[in-house]
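The values are calculated or read from the model by the stated rules, or taken from the named source; none is laboratory data. Quantities reported herein were computed from a predicted structural model and do not represent experimental measurements. Because the Cβ atoms are built from the backbone with ideal geometry, glycine has one as well, and the counts that use them run over all protein chains shown.
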Amino acid sequence: MARLFFALDLPARVRRQLLRLQAPVPGARWQNDAQLHLTLLFLGRVTEQAVPEVCTAARDLPVARFDLEVRGLGCFGRPETPRNLWAGVQPTAPVVALNDALRQRLAPLGYELETRPFRPHITLARFRQRRGSVAPVLAEHDQDTFGPVSVDNFVLLESTQGPHGSVYTVVERFGLRN
Ligand code: 2AM
């Protein structure tokens, strides 16, 4: 079994800007450089035999390349007891369209896809026990911009557990239309 999800990776200069936010917040497990990404569609556990059909389904999507800006911060949960601190992207519409296109291709294969509305975000820190407040980080940085992203491809990533948290490995990279 492989734990798989589709994602956008981010240019080094954007990752560098995001990593500068790291501050000593109690309970925070900050994502490292190699862990920063934007999840497009989470599949969960997929058998090794099914990986080729997942890749086939994601090839040649009818979606054109687009430009984004990584901008703004938010959290899931209340700022005083967050689950997750994240950076946003603008505009969100092309990312939502890419999520839709992937869902249309993957749903017929029988994967149980997330039913909650898709909210594009880049997780910056996770909070194990919901004890650290991100209110000061939000107050200082929630209007910050972290740089442009020219999106001409996306990836299927496999997630495994390493000694320092999740390790993501590219299974396949998929181009978008010009
Ligand atoms: P998160 O960053 O909001 O936690 C690898 O775990 C990636 O898949 C992460 O970006 C994570 O989102 C996302 N993910 C994990 N479990 C998920 C689920 N059940 N539904 C949607 N996305 C999920």
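In this structure, residue 151 qualifies as more than 14 Å from the ligand (Cβ to nearest atom), under 14 Å from the mean Cα position of the chain (by Cα) and surrounded by 15 or more Cβ atoms within 10 Å (Cβ to Cβ). Among the residues making up region 83-97, those that are away from the ligand (no atom under 14 Å from the Cβ) and among the aliphatic types (A, V, I, L, M) are 93, 96, 97.
If you go through region 62-85 and keep only what is part of a strand (DSSP E or B), over 18 Å from the mean Cα position of the chain (by Cα) and either within 14 Å of residue 174 (Cα to Cα) or not hydroxyl-bearing (Ser, Thr, Tyr) (or both), you end up with 64, 78. Where strands (runs of 3 or more DSSP E) fall wholly inside region 98-178, the ranges with 2 or more residues that are polar (S, T, N, Q) and over 17 Å from residue 59 (Cα atoms) are 145-151, 153-162, 165-175.
In this structure, is residue 99 crowded, with 17+ Cβ neighbours inside 10 Å and of a type in the set (S, T, N, Q)? For residue 99, the condition - crowded, with 17+ Cβ neighbours inside 10 Å and of a type in the set (S, T, N, Q) - is met.
Residue-wise test of (1) within 16 Å of the ligand (Cβ to nearest atom); (2) surrounded by fewer than 19 Cβ atoms within 10 Å (Cβ to Cβ); (3) modelled with pLDDT of 95 or more.
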| residue | (1), (2), (3) |
| --- | --- |
| 12 | no, yes, yes |
| 16 | no, yes, yes |
| 38 | yes, no, yes |
| 67 | no, yes, yes |
| 81 | no, yes, no |
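With respect to (1) within 15 Å of the ligand (Cβ to nearest atom); (2) over 18 Å from residue 101 (Cα atoms); (3) in contact (Cβ under 8 Å) with a residue 40 or more places away in the chain; (4) surrounded by 14 or more Cβ atoms within 10 Å (Cβ to Cβ), the lone exception for residue 43 is condition (2). Which of the residues that make up region 162-178 are modelled with pLDDT of 95 or more and over 16 Å from residue 123 (Cα atoms)? Passing the criteria: 169, 170, 171, 172, 173, 174, 175, 176, 177. Within region 13-40, the set of residues being under 23 Å from residue 96 (Cα atoms) and among the hydrophobic types (A, V, I, L, M, F, W, C) comprises 14, 18, 36, 38, 40.
Taken across region 52-60, residues that are surrounded by 15 or more Cβ atoms within 10 Å (Cβ to Cβ), within 25 Å of residue 31 (Cα to Cα) and either at pLDDT 95 or above or not charged (D, E, K, R) (or both) do not occur at all. Filtering region 69-79 to residues that are within 16 Å of the ligand (Cβ to nearest atom) and exposed (fewer than 15 other Cβ atoms within 10 Å of the Cβ) leaves 76, 77.
Of the numbered criteria (1) more than 16 Å from the ligand (Cβ to nearest atom); (2) over 16 Å from residue 40 (Cβ atoms), the one residue 161 fails is (1).
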